[in-house]
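Undergrad: If you scroll down you'll find the structure; I have some questions about it.
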Amino acid sequence: MTFEDLMPPGLSPADVISIGAGFAAFASVMLVWFALLAPKPLKARLRSIEAARYRNTTARQAAAAGPRRRPVRRTSIGFMKDVVRRLRLLQSNQAQRIGDKLAQAGWRGKDAVVLYLFAKVALPILLGTLAVIALFALQIGEIPDMARLLFALVAVILGAFAPDLLIKNVAQKRAQKIQKALPDGLDLMVICAEAGLSLDATLERVAKELRQSWPEMADEISVTSLELGFLPDRKQALENLSRRVTLSGMRGLVTTLLQTERYGTPLAQALRVLSAEMRNLRLMAAEEKAARLPAILTVPMILFILPTLFVVLLGPAVMRVMDGFKQAGI
């Protein structure tokens, strides 16, 4: 069989080569045409809007269908909510105070309050049960019965006060970080106010700039910025900031912002004065620590440095006296 036998009837090899060359030339022309074709931004913009609309619709449908991830957590939160609701703990007068304490620690939302109340109820029962099982059922250690009962009571008391101790510790550490970040935040607010930004824009910009260096301060400022946007009373948003951060410097900042909002005083000048006060307070705190240093070092010097110094100074003299007594036969 030859190559001519494989050709379609009526076509020679030269015809097939010519047709292939024509298709290749047409494809090359089309590729160059689409490559050099000017883009149409309107169509691209419409396609992007359509894609964004599709994503938003999909997200709304997923939200309406309910969360599908972490069902165990949602089930546990639902169980805790049922327990707290049946005990009517959220209806107590202390619910607002508990929410403020959790907000000072950086934990917001009703789930945080539910977790706290459930821990206050469940931890004493859990620790007390474990202590009774370990001390009375398993008979761990040779301890009198009265001491076992005392240990079980201590476990119950520890479970009752453990959430409060945890929240207090976390709130104190967070307040210390915010106290350190307050002068830097005030300096940035002064710069933004002098640049002509409004209070809302100033807080938003400062929160963005402090996000990496002082995330706690940026978090509080960003929450205040959001509340200024959707709360009907701007004074309430600023008062919420002072309630979340119980620091004298933050209360001074809130008072200054309230006065500028009420009386229309220049924001940059007031913030500059407050920033200078914060810098002076930081310097005074550093000087106070430096002044306490000699008193703090007194006890280590007495315990560790003075005995060694006495041995070095008096040791050779004592050894010479002892050698003299030996030579004299005493």
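Undergrad: How high is the relative contact order of the range 176-285, in percent, with contacts defined as C-alpha pairs under 8 Å that are six or more residues apart?
TA: Working: 98 pairs, mean separation 33.1, N = 110.
It rounds to 30 percent for the range 176-285.
Undergrad: Which whole number of Å³ per residue matches the convex hull of the alpha-carbon atoms in the range 195-330? Write down the numbers at each step before the final one.
TA: Values: hull volume 21.6 nm³, N = 136.
So the per-residue hull volume is 159 Å³.
Undergrad: Just order 307-317, 114-124 by mean Cβ neighbour count inside 10 Å, highest at the front, would you?
TA: Working: 307-317: 9.8, 114-124: 18.8.
Top of the packing list down: 114-124, 307-317.
Undergrad: Follow-up question, since we're still on this one. In whole Hz, with x marking every Gly and Pro, tabulate ³J(HN,Hα) for the range 189-200 from phi via Karplus 6.51 cos²θ - 1.76 cosθ + 1.60, θ = phi - 60°.
TA: Residue by residue, the range 189-200 yields 5, 4, 4, 5, 5, 5, 6, x, 6, 6, 5, 5 Hz.
Undergrad: What list of ³J(HN,Hα) couplings, whole Hz, do you get for the range 319-325 from phi and the Karplus terms 6.51, -1.76, 1.60, once you set θ to phi - 60° and write x for glycine and proline?
TA: 5, 5, 4, 5, 5, x, 5
Undergrad: Follow-up. So what J values fall out for the range 256-273 if you push phi through Karplus, 6.51 cos²θ - 1.76 cosθ + 1.60 with θ = phi - 60°, rounded to Hz, Gly and Pro as x?
TA: Coupling constants for the range 256-273: 5, 5, 5, 5, 5, 5, 7, 9, x, 5, x, 5, 5, 5, 5, 5, 5, 5 Hz.
Undergrad: Report the full-extension gain for the segment LEU314 to SER248: residue separation times 0.36 nm, less the Cα-Cα distance, to one decimal in nm. Each step should come with its number before you reach the end.
TA: Values: separation 66, 0.36 × 66 = 23.76 nm, distance 5.38 nm.
The span from LEU314 to SER248 would gain 18.4 nm if fully extended.
Undergrad: When you count, for each residue, the other Cβ atoms within 10 Å and take the mean per peptide, how do 279-286, 184-191 rank with the highest first? Walk me through the intermediate numbers first.
TA: Working: 279-286: 12.2, 184-191: 20.8.
In descending order of packing, they fall as 184-191, 279-286.
Undergrad: Could you let me know the centre-to-centre spacing of the range 147-181 and the range 198-254, using Cα atoms, in angstrom?
TA: Taking the Cα centre of each part, the range 147-181 and the range 198-254 sit 28 Å apart.
Each value in this text was obtained by applying a stated rule to the coordinates, not by laboratory testing. Since this is a predicted model, take the numbers as computed values, not measurements. Neighbour counts run over all protein chains shown; Cβ positions are idealised from the backbone, glycine included.
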